[in-house]
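Below is one structure, written out as structure tokens; the observations come after it.
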Amino acid sequence: MTMDNNIFNNIAIGEDVLSMENITKIYGNGFVANKNVNFTVRKGEIHGLVGENGAGKTTLMKVLFGQEIPEEGRILLAGQEVKITSPLVALDYGIGMVHQHFMLVESLSVAENMVLGSEPVKGMAFDYDEAVRRATEVSKKFELEVNPKSIIRDLSVGYKQRVEILKMLLHGAQILLLDEPTAVLTPQETRELFVQLKQLREKGFSIVFISHKLNEIKEICDRITVLRNGESVSTADVASITEQDISRMMVGRDVLLDIKKKKANPGKSMLSVSKLSYKNKFGLYAFEDLSFDVRSGEILGVAGVEGNGQSELANVLSGLYPIQEGDIKVNGTSIKGMNVRQIREEGVAIIHEDRMTYGASSTQSIAENIISDRFYKSEYKKHGFINWRYVVDRSKELIKSFSIKADGYDAEVRTLSGGNIQKVVAAREFTSNPKVLISCQPTRGIDVGAAELIRKKMLKLRDEENTATLLFSADLTELLSISDGIIVMYGGKITAYFPDVSQINEEILGEYMLGLKTQSSEEIGGVVYE
């Protein structure tokens, strides 16, 4: 049975439209992801869902969207109990989810993407004109302007997100689940999204807003529900609590939201990039003619909207992609032609933005992941074989030092939450005695407690080991709080350099990230040290 979406019209603004009662989800290995969780959303509200990584937020949303079936509990929509067995059933019931990583087909148009799953036909063929008409109609209805004929790959990240939201609305969603919707948006794009969400709220739509950015939770949400260790521990009106209150409810202790740092004392150039260019598989420049230096004891931040060459730059710096034009020197030695291990032997460590593909092996244990870059070194060998006693002792030390929550050193990485997987990666990279650290989105999608630990560890490397760190981050608050200087990338080029982060804010960065402003070549040239 599917529910007629008109039933939502019988619910008044402010009344409960969704109730999840005593939801318990246990995975096959006995892991309890949700335990007797209660979660209620009202009609016409934006409800924040917060908690540490591993707290059960994603699992709860998967249950609601039909991707997981709970062992216990029930779901009520407009007071009626429903069984949601798949995402298609969820959509029939008026529940739509916009994932953090967009589910759009890059080669298709906006209209074609929006009608996927309910394609209009004329005779035996796809009716493109009707798809355009439907996309235009829903765009006008919700005052979210789109060009239905634009190709997805040509759109900005913020525009793609708008298409995802409209796609759900076109399919009849009345309850929208948004997973980390601002993770890759500039401040300007975030503001635009918030205007759109508030308009939907005023029209009676209900929105579940999952985020680790507590300032955004405070700004956009009416109420929040906090999950901790798989249980719902609190629901509160956002107006009556502070960001510090929220973080305390999430982790059960006070968290330092403002990282205190000493003034940097940079030394000589440890990473020197000279006239570096890289063409992608289509023969187009992902980035072109980049020159910059990162000094020992310095954190240089890289700001930019996703897709402006940052990912390719990080991959070239770490050896995953070859150096095509230009040169890279680490402590004066060119790494051109070196493989990944040789580059690491020169003292380069990397936290890759894709932790599950390049950062960790999901089916290996924590201990095996930690030694994956050093198992061949003498200190880890005994009589020609791996000294497993030493490996286990060292792994236990790092599990404790990096506060990794796991059943033990032999737990497979795939059994950990996202935040704890990131801690495993950080534990390996931060303890490799790096001269240069390439840190890509080190706290993306992880909770405030884990983010606090990783940021403190990066500053400790800067201050105690004089590590030169290049920090790629979509979190502008993070960039401004721990970077010493910041470069901005737009269109594959460095368009701005700010040697003193205390002189700028998110708004200023956003203008350069969107290409609205560009510095002179003399100003940008300050990031190269002779």
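The values are calculated or read from the model by the stated rules, or taken from the named source; none is laboratory data. On a predicted model such as this, the values are computed, not experimentally measured, just so you know. All Cβ positions, glycine included, derive from the backbone under ideal geometry; neighbour counts span all protein chains shown. When the accessible area is computed, the model is the full protein with side chains, heavy atoms only, and any ligands, DNA or RNA have been set aside. Shrake-Rupley method; radii C 1.70, N 1.55, O 1.52, S 1.80 Å.
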(request) Please work out how much accessible surface residue 325 shows to a 1.4 Å probe, ignoring ligands, DNA and RNA, in Å² rounded to 10. (result) 70 Å²
(request) Determine the sum of side-chain charges near residue 42: Lys and Arg each +1, Asp and Glu each -1, restricted to other residues whose C-beta is under 13 angstrom from that of residue 42. (result) -2
(message) Under 20 °C and 1.002 mPa s, how fast does segment 66-142 diffuse according to Stokes-Einstein, given a Kirkwood radius computed over C-alpha pairs? Answer in µm²/s, whole number.
(response) 143 µm²/s
(request) Return the whole-Å distance between the Cα centroid of segment 281-353 and the Cα centroid of segment 55-92. (result) 44 Å
(message) Using only the heavy atoms of the protein chains and a 1.4 Å probe, how would 462, 42, 191, 344 rank by accessible area, largest first?
(response) 191, 42, 344, 462
(message) In 5 Å bins starting at zero, report the fraction of Cα pairs in segment 292-365 per bin as a rounded %.
(response) 3, 13, 22, 25, 21, 11, 4, 1
(request) Give the carbon-plus-sulfur fraction of the accessible surface of the chain in %, rounded to a whole number; probe 1.4 Å, heavy atoms of protein chains only. (result) 47 percent
(request) Sum -39500 (n - 2.57) across every DSSP H segment of at least 4 residues in the chain, then divide by the residue count to get the 222 nm mean residue ellipticity, nearest 500. (result) -9000 deg cm²/dmol
(request) Round to the nearest 10 and give me the degree value, 0 to 90, for the angle of helix 157-170's Cα axis relative to the longest principal axis of the chain. (result) 20 degrees
(request) Provide, in order from the shortest bin, the percent of all Cα-Cα pairs of the chain in each 10 Å bin, continuing until the bin that contains the maximum pair distance. (result) 4, 17, 26, 26, 18, 8, 2, 0
(message) Need the C-alpha centroid separation for segment 18-52 versus segment 377-449, integer Å.
(response) 30 Å
(message) Could you report the chain's accessible area per residue, 1.4 Å probe, as an integer in Å²?
(response) 44 Å²
(message) Can you give the log10 of the normalised intensity I(q)/I(0) at q = 0.16, 0.29 Å⁻¹, computed with Debye over equal Cα scatterers of segment 333-392?
(response) -0.65, -1.18
(message) Going by Cα centres, segment 169-186 and segment 499-530 are how many Å apart?
(response) 31 Å
